[in-house]
1. The chain: D in µm²/s via Stokes-Einstein (Kirkwood Rh, Cα pairs, 20 °C, 1.002 mPa s)?
2. Once you've got the GNM for the chain with C-alpha springs shorter than 10 Å, pick whichever of 126, 65, 106 has the biggest mean-square fluctuation.
3. What 222 nm value per residue comes from the helices of the chain, counting each DSSP H run with n ≥ 4 as -39,500 (n - 2.57) and dividing by all residues, nearest 500 deg cm²/dmol?
4. Under the 0.36 nm per residue contour assumption, what length would be gained going from the current alpha-carbon distance of residue 14 and residue 87 to full extension?
5. Can you give the relative contact order of the stretch 21-158 as a percent, counting alpha carbon pairs under 8 Å and 6+ residues apart?
6. Quote to one decimal, in nm, the extra length available between residue 122 and residue 56 on full extension: 0.36 nm per residue of separation minus the C-alpha distance between them.
């Protein structure tokens, strides 16, 4: 590690949370979670991306979903008990979180917005999230992540067509994916 700690790392230190830092070479054009996963040697579903969203009431929430998945705004709205949710505009990300796109994390963000994490987080021994700067990821246990972020676990991702066919009946809110585990 180049010696300087990110805000997120300092924040985790202050809570005595065990974590590992992994740095990677930043591609100025392509910094999707899938590319990051490849660079740090983890499957995309273990590398979670943190998206800042805005609700119908103009409140902000973090949605944290696996790298290879797509956030389902309807499911997020149901979990957050709001009429609708959408991504904030790119220009608002840094003023609201203190972090740049590709480096957003819930740890040490400017404000403690509510955090919603996709339920697949519980399938892994370790997950990876941005450490607050592009090129640096922090690996930690899902249990620690959920505890520190005070996150709500919910089904947040768009499902593939065959997956949808198996789970008939949508719209049960955050618990609808329960029986698929």
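Every number in this text was worked out from the coordinates using simple rules, so none of it is lab data. Predicted model only: the values in this text are computed from it and were never measured.
1. 129 µm²/s
2. Answer for the Gaussian network model of the chain: 126.
3. So the calculated ellipticity at 222 nm is -6500 deg cm²/dmol.
4. 23.2 nm
5. Relative contact order for the stretch 21-158 comes out at 28 percent.
6. 20.9 nm
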